[in-house]
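This report refers to the structure that appears directly beneath it.
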Amino acid sequence: MSIAANIASIQERIAAAARRAGRPLEEIALMAVSKTQASARIREAYDAGLRVFGENRVQELSGKIDALRELRDAEFHMIGHVQTNKASKTVELFRAVDSVDSLKLAEKLDAAARKLGGKLDLLIEINVGGETAKSGVAPDSPALDELLIAAPRLEALVFRGLMTVPPFTDDPQGARPYFRKLRELRDAIAARKLPAVAMDALSMGMSHDFEIAIEEGSTCVRVGTAIFGERAKT
């Protein structure tokens, strides 16, 4: 199937999941995970109507951004781990960082955004499964409170919500408890009514489990393989 046909199929599945959950379809964004994809294939997804793209390496997007500048309203989100020494380049290239996992990184991003005179949307990445091989803040970690409390002074950053990558299970239903845990954490943070912290975004769900994520409250599903096919090994 073509990229456009894949996208149409995924959008139908998103709509069906939204109906099952009793949610408005407009609450849910489809992000194309375009890491390792050539600019021509990203353009195909853009031509099929997608506007939000996820990349996980600063160097990779830097190498193909010139070929994508004509996609004027495309948004590129960083969804991978960001090294603090790449904060400035990250702010130059990306509209949002959906994988902030420390106050130190947030401070670096804030400083870089201030220098450019702009704003940067961010999500806090939560390691819901407690996996040592994955980035993210533990749900009950003091590091999470540090980030939330620092939000008012990080004036160039817009705290939008949370993101997670749950432990992989062959059965998509296995991800449900982790998605539910992230939603409950989001709701608990929102109830605190912290200054400068919005909790309207939940980025969760990928190619094999995005329907479950939508049922559990996701506002952005990150889909790569189901759009582009199997990615090249790096």
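The values are calculated or read from the model by the stated rules, or taken from the named source; none is laboratory data. Predicted, not measured: the structure shown is a model, and the values here were computed from it. Using ideal geometry, Cβ is built from the backbone for each residue, glycine included, and neighbour counts are taken over all protein chains shown.
Only residues that are assigned to a strand (DSSP E or B) and in contact with a Gly (Cβ under 8 Å, 6 or more places away or on another chain): list them for the stretch 35-75, please.
Listed by number, the residues that qualify are GLY54, GLU55.
Search the stretch 128-161 for residues being in a strand (DSSP E or B) and not aromatic (Phe, Trp, Tyr), and hand back the single one that is farthest from ARG114 (Cα to Cα). Reasoning before the result, please.
Applying the first criterion (in a strand (DSSP E or B)) to the stretch 128-161 yields 137, 157-161.
Then keep just the ones that are not aromatic (Phe, Trp, Tyr); that gives 137, 157-158, 160-161.
Values: VAL137: 25, LEU157: 9, VAL158: 12, ARG160: 18, GLY161: 21 Å.
The residue in question is VAL137.
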So, first residue more than 13 Å from ARG160 (Cβ to Cβ) in the stretch 93-104, second residue crowded, with 23+ Cβ neighbours inside 10 Å and small (Gly, Ala, Ser), Cβ within less than 8 Å, six or more apart or across chains; the pairs are ASP101/GLY136
Apart from one, (1) of a type in the set (A, V, I, L, M, F, W, C); (2) surrounded by 21 or more Cβ atoms within 10 Å (Cβ to Cβ); (3) closer than 18 Å to ILE10 by Cβ all hold for LEU182; the odd one out is (3)
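Have a look at PRO152, PRO172 and point out the one that is touching a His at 6+ places or on another chain (Cβ under 7 Å) and modelled with pLDDT of 95 or more.
Numbers: PRO152 fails: touching a His at 6+ places or on another chain (Cβ under 7 Å).
Sole residue among the options that is touching a His at 6+ places or on another chain (Cβ under 7 Å) and modelled with pLDDT of 95 or more: PRO172.
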Condition set of a type in the set (A, V, I, L, M) and touching a Gly at 6+ places or on another chain (Cβ under 8 Å), scope the stretch 185-202, selection surrounded by the most Cβ atoms within 10 Å (Cβ to Cβ): answer is LEU202
A careful count of residues in the stretch 40-59 that are of a type outside the set (Asp, Glu), buried (at least 19 other Cβ atoms within 10 Å of the Cβ) and in contact with a helix residue (DSSP H, G or I) (Cβ under 8 Å, 6 or more places away or on another chain) gives 5
The correct count of residues that are free of Cβ contacts under 8 Å to residues at least 60 places away in the same chain and buried (at least 21 other Cβ atoms within 10 Å of the Cβ) in the stretch 147-170 is 9
Output for Cβ contacts, cut-off 9 Å, separation at least six or different chains, first residue over 9 Å from GLU216 (Cβ atoms) in the stretch 174-198, second hydroxyl-bearing (Ser, Thr, Tyr) and not in a loop (DSSP other than H, G, I, E, B), reads none
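THR164: β-branched (Val, Ile, Thr) and in contact with a helix residue (DSSP H, G or I) (Cβ under 8 Å, 6 or more places away or on another chain), yes or no?
Values: β-branched (Val, Ile, Thr): yes; in contact with a helix residue (DSSP H, G or I) (Cβ under 8 Å, 6 or more places away or on another chain): yes.
Taking the combined requirement at face value, the residue satisfies it.
When you check ALA87 against the structure, is it part of a helix (DSSP H, G or I), in contact with a Lys or Arg (Cβ under 6 Å, 6 or more places away or on another chain) and free of Cβ contacts under 8 Å to residues at least 60 places away in the same chain, yes or no?
Values: part of a helix (DSSP H, G or I): yes; in contact with a Lys or Arg (Cβ under 6 Å, 6 or more places away or on another chain): yes; free of Cβ contacts under 8 Å to residues at least 60 places away in the same chain: yes.
Judged against the criteria, ALA87 is a match.
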Note on ALA198: of the conditions (1) small (Gly, Ala, Ser); (2) within 16 Å of VAL128 (Cβ to Cβ); (3) in a strand (DSSP E or B), unmet is (2)
